[in-house]
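Read through the structure below, which is laid out as structure tokens, and then see the notes.
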Amino acid sequence: MGNEECAWIFWIVLLCLCDCSASHLSYTISEEANKGTLVGNIAKNLNLNVQELEDRGLSIVSSYSKKYFDVNLGTGDIFVNDRIDREELCPNTEQCALRIQAVLTNPMVVHRIEVDVLDINDNSPEFNEHLYLLNISESVPPGERYLLPIAEDADVGSYAVKSYKLDKNEHFSLDVQSTGEHGLSAELVLDTALDREKQPVLKLVLTALDGGKPGRSGTLQIHVLVIDANDNTPVFSKSLYKVRANENTAPGTALIKINATDLDEGMNGKIVYSFVKRGNADPTNVFDLNSETGKITLKSSMDFEKTPAYELRVQAKDQGASPRSAHAKLLIEVIDVNDNAPETLVTSLMTPVREDAQLGTIVALITVSDKDGGSNGVTKCSVVGSFPFKLKSNYKDDYSLVVDGSLDRENISIYNVTITATDEGSPPLSSMKVITVNVADVNDNAPRFMEPVIYIYVKENSPVGSKIYTINAVDSDLNDNAKITYKLLSNSPKNIPISSLLNINSDTGDIVSLQSFNYEELKTFQFKVQATDSGVPPLSSNVTVNVLILDENDNNPTILAPYSEHGSVNSETIPYSAEAGYFVA
């Protein structure tokens with residue numbers, strides 16, 4: 001691989017990886033323009049100075065095997081660099097364009113350029129054969145017509161074949177008719193009777209002319225051999241035969257039988273049937289014609305989507321010494337059968353969808369197509385099953401999948417919506433498409449405590465800084481919407497601020513004591529904890545916490561007389577006659 005080829009591949013790969021297109025330029029050039037022909041000035045069209053083109057390494061790249069265009073970095077002129085043959089690039093098409101790219105670096109900018117290639121009259125009409133032999137009996141009456149070969153021209157439009165002419169002679173004239181398939185059809189018409197004894201062979205020249213100015217032409221030598229005796233022409237029973245066949249008709253099936261008669265006897269009346277090949281189309285690839293019986297059978301399968309009808313010419317020729325022939329048209333109409341299921345294409349998918357999406361919010365854009373024709377190609381589209389979505393028809397086979405019910409991510413976070421498309425064929429065909437719709441979270445759930453009231457039991461004289469409880473709340477939302485922080489709400493048991501008694505870790509919910517509790521002074525107190533998520537806006541909820549101080553054996557017992565001060569010495573007097581059980585004190 002050479003350096004130029006490696007560089008070309010490098011630019012193509014770079015352009016595929018980098019979508020940095022800045023503009024689109026259009027130029028026009030005629031095919032076969034000389035090398036060096038000016039196409040346009042890219043510096044002028046892009047408002048760039050010439051020095052910038054060279055500094056930024058302007059280059060012209062494309063995917064073609066030839067480098068049709070190049071640029072002069074000194075002037076900014078884009079010029080023809082190689083031969084441009086429109087017929088080679090775009091055979092048998094009206095429009096032809098070459099698509100190239102102009103690449104600038106530092107920074108990289110890719111300008112797409114489309115060059116329309118105009119057709120010039122550089123091809124002459126050509127016949128498939130140079131000599132056409134025609135056997136005509138001298139007994140043929142004037143007015144007999146003979147279908148002549150047509151000419152092909154590689155050019156298009158006004159440069160295609162526009163007329164035929166026949167060189168001047170005393171026996172024949174030319175009848176040119178317009179046809180829908182090949183443009184023009186030429187028939188040789190016998191004007192005056194032939195006389196083999198005077199002129200056994202007539203040499204004619206058929207000229208095909210295109211519409212160019214100046215025009216170009218092609219010729220066909222026609223040799224008419226005048227034969228004796230056979231003075232009756234085969235006659236078809238119909239000038240036009242019509243038959244309809246389903247596109248799924250099996251090869252080998254008989255389609256129609258054509259019939260022609262000849263009043264002559266013997267070989268002059270024996271008819272041989274054949275197809276007339278016109279242009280490049282060969283009917284024998286699809287159909288088989290029995291040359292003796294005229295029965296036409298299907299040779300290969302037909303496809304309505306590719307060819308909905310065949311217009312053929314058939315010939316009946318007798319076997320006389322000077323064969324005579326007749327022609328008829330055969331129209332085979334292909335009937336569409338429902339052999340293509342609808343295809344569903346998601347052209348745009350807007351997912352995830354917020355769970356608070358309004359009714360009618362568009363989730364996806366869908367297009368349904370069916371290659372069949374008629375009712376076989378008419379489709380209906382619907383959602384299968386029960387989903388909070390529905391299909392809304394936009395235009396013909398274009399639909400929108402929209403929200404049709406409330407969404408709750410906490411219940412269902414993902415939907416696999418099944419779309420079915422069914423045509424109106426008999427029997428109908430259908431296809432299914434599954435669209436995955438993700439539901440995005442919104443902050444619609446406040447933190448939730450597991451219990452409405454929390455009881456905490458704390459022993460008195462617990463050390464300061466002890467963790468006495470861990471508050472826990474849950475949030476059904478996701479991410480920041482579910483990230484919870486905790487705080488104590490101000491409440492003053494016995495006029496003591498709660499912040500002087502306890503502290504709570506805002507992230508973990510751990511509650512620690514800030515002082516040691518004395519059961520004899522404070523047996524219980526109550527406060528509230530608030531849990532708040534991090535959504536926008538945030539949501540919160542509260543829980544009531546009751547703290548119960550548990551008594552410890554931290555006091556000695558004392559004896560208290562009911563009638564004296566605490567700590568004093570008491571005396572009692574009893575009589576000498578007091579017996580056992582006498583109440584003293």
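The values are calculated or read from the model by the stated rules, or taken from the named source; none is laboratory data. None of these values were measured; they are calculated from a predicted model. Every residue, glycine as well, gets a Cβ built from its backbone with ideal geometry; the counts of neighbours run over all protein chains shown. Ligands, DNA and RNA are stripped out before the accessible areas are found, and what is left, the full protein with its side chains, is counted by its heavy atoms. Shrake-Rupley method; radii C 1.70, N 1.55, O 1.52, S 1.80 Å.
Within the set of pairs 6+ apart or on separate chains, which have a first residue in the stretch 442-461 that is in contact (Cβ under 8 Å) with a residue 12 or more places away in the chain and acidic (Asp, Glu), a second that is crowded, with 17+ Cβ neighbours inside 10 Å and not in a loop (DSSP other than H, G, I, E, B), and C-beta atoms under 7 Å apart?
Once the first residue is in contact (Cβ under 8 Å) with a residue 12 or more places away in the chain and acidic (Asp, Glu) and sits in the stretch 442-461, its partners that are crowded, with 17+ Cβ neighbours inside 10 Å and not in a loop (DSSP other than H, G, I, E, B) give Glu460/Ile549.
(1) touching a residue at least 40 places away in the same chain (Cβ under 8 Å); (2) within 30 Å of Gly535 (Cβ to Cβ): which one isn't true of Leu401, the others all being true?
(1)
Given the structure, is Asp191 closer than 23 Å to Ala328 by Cβ and of a type outside the set (Val, Ile, Thr)?
no
Quick check on the stretch 170-181: of everything there that is in a loop (DSSP other than H, G, I, E, B) and open to solvent by 60 Å² or more (accessible area, probe 1.4 Å), which residue is modelled with the lowest pLDDT?
Glu181
Looking only at the stretch 219-272, how many residues end up being over 53 Å from the mean Cα position of the chain (by Cα) and within 30 Å of Glu126 (Cα to Cα)?
6
Conditions: (1) under 30 Å from Phe275 (Cβ atoms); (2) in a strand (DSSP E or B). Lys371 meets all but one. Number of the miss?
(2)
Going residue by residue through the stretch 116-134, is there one that turns out to be among the charged types (D, E, K, R), over 27 Å from Ala208 (Cα atoms) and either open to solvent by 40 Å² or more (accessible area, probe 1.4 Å) or not in a loop (DSSP other than H, G, I, E, B) (or both)?
There is at least one residue in the stretch 116-134 that is among the charged types (D, E, K, R), over 27 Å from Ala208 (Cα atoms) and either open to solvent by 40 Å² or more (accessible area, probe 1.4 Å) or not in a loop (DSSP other than H, G, I, E, B) (or both).
Select, from Pro342, Pro283, the only residue that is surrounded by 15 or more Cβ atoms within 10 Å (Cβ to Cβ) and under 30 Å from Leu134 (Cα atoms).
Answer to the selection: Pro283.
Is there any pair linking a residue in the stretch 147-169 that is surrounded by fewer than 18 Cβ atoms within 10 Å (Cβ to Cβ) to one that is in a loop (DSSP other than H, G, I, E, B), with Cβ under 6 Å and at least six apart or on different chains, and which?
Going by the 6 Å Cβ cut-off, the qualifying pairs are Ser158/Gly211; Lys162/Gly211.
Do we find that Asn106 is open to solvent by less than 40 Å² (accessible area, probe 1.4 Å), in contact (Cβ under 8 Å) with a residue 12 or more places away in the chain, of a type in the set (S, T, N, Q) and touching a Lys or Arg at 6+ places or on another chain (Cβ under 8 Å) in this structure?
Criteria not met by Asn106.
Condition check ((1) within 29 Å of Leu89 (Cβ to Cβ); (2) over 50 Å from the mean Cα position of the chain (by Cα); (3) not polar (S, T, N, Q)) across all residues:
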site: Gly157; (1), (2), (3): yes, no, yes
site: Lys168; (1), (2), (3): no, yes, yes
site: Val176; (1), (2), (3): no, no, yes
site: Gly183; (1), (2), (3): yes, no, yes
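Please go through the stretch 519-538 and pick out each residue that is farther than 19 Å from Glu552 by Cα and surrounded by 14 or more Cβ atoms within 10 Å (Cβ to Cβ).
Phe527, Lys528, Val529, Gln530, Ala531, Thr532, Asp533, Ser534, Gly535, Pro538
So how many residues does the stretch 50-94 have that are among the hydrophobic types (A, V, I, L, M, F, W, C), in a loop (DSSP other than H, G, I, E, B) and open to solvent by less than 50 Å² (accessible area, probe 1.4 Å)?
The total comes to 3.
Within the set of pairs 6 or more residues apart or between chains, which connect a residue that is among the polar types (S, T, N, Q) inside the stretch 188-212 to a residue that is open to solvent by 50 Å² or more (accessible area, probe 1.4 Å) with Cβ atoms less than 8 Å apart?
Listed pairs, sorted by first residue: Thr192/Pro142; Thr192/Glu170; Thr207/Lys165; Thr207/Asp167; Thr207/Ser217; Thr207/Thr219.
From the list Ser500, Ser516, exactly one residue is in a loop (DSSP other than H, G, I, E, B), among the hydroxyl-bearing types (Ser, Thr, Tyr) and surrounded by fewer than 16 Cβ atoms within 10 Å (Cβ to Cβ). Which is it?
When all the criteria are applied, what remains is Ser516.
Give the residue, chosen from Leu98, Leu58, Leu73, Leu89, that is touching a Leu at 6+ places or on another chain (Cβ under 8 Å) and over 16 Å from Gly40 (Cα atoms).
Matching residue, one of Leu98, Leu58, Leu73, Leu89: Leu89.
Just to be sure, is Val205 within 19 Å of Asn290 (Cβ to Cβ) and in a strand (DSSP E or B)?
No; evaluated as a whole, the condition is false for this residue.
Find the strands (runs of 3 or more DSSP E) located wholly in the stretch 409-490 whose residues include 1 or more that are under 25 Å from Ala531 (Cβ atoms) and open to solvent by 40 Å² or more (accessible area, probe 1.4 Å), and list them.
453-459, 467-470, 484-489
Which condition from (1) surrounded by 13 or more Cβ atoms within 10 Å (Cβ to Cβ); (2) closer than 20 Å to Asp336 by Cα is the one that Thr307 breaks?
(1)
So, Val569, is that one modelled with pLDDT of 80 or more and either open to solvent by 100 Å² or more (accessible area, probe 1.4 Å) or closer than 26 Å to Ser490 by Cα (or both) or not?
Against the criterion (modelled with pLDDT of 80 or more and either open to solvent by 100 Å² or more (accessible area, probe 1.4 Å) or closer than 26 Å to Ser490 by Cα (or both)), Val569 does not qualify.
In the stretch 314-328, what count of residues is obtained for those that are out of contact with any Lys or Arg (no Cβ under 6 Å at 6 or more places or on another chain) and either of a type in the set (A, V, I, L, M, F, W, C) or assigned to a strand (DSSP E or B) (or both)?
Residues meeting the conditions: 7.
Among the candidates Val334, Val363, Val402, which residue alone is modelled with pLDDT of 85 or more, assigned to a strand (DSSP E or B) and closer than 30 Å to Ala245 by Cα?
Answer to the selection: Val334.
Inside the stretch 378-393, can you point out the residues that are open to solvent by less than 20 Å² (accessible area, probe 1.4 Å) and under 25 Å from Gly425 (Cβ atoms)?
Scanning the stretch 378-393 gives a single hit, Thr379.
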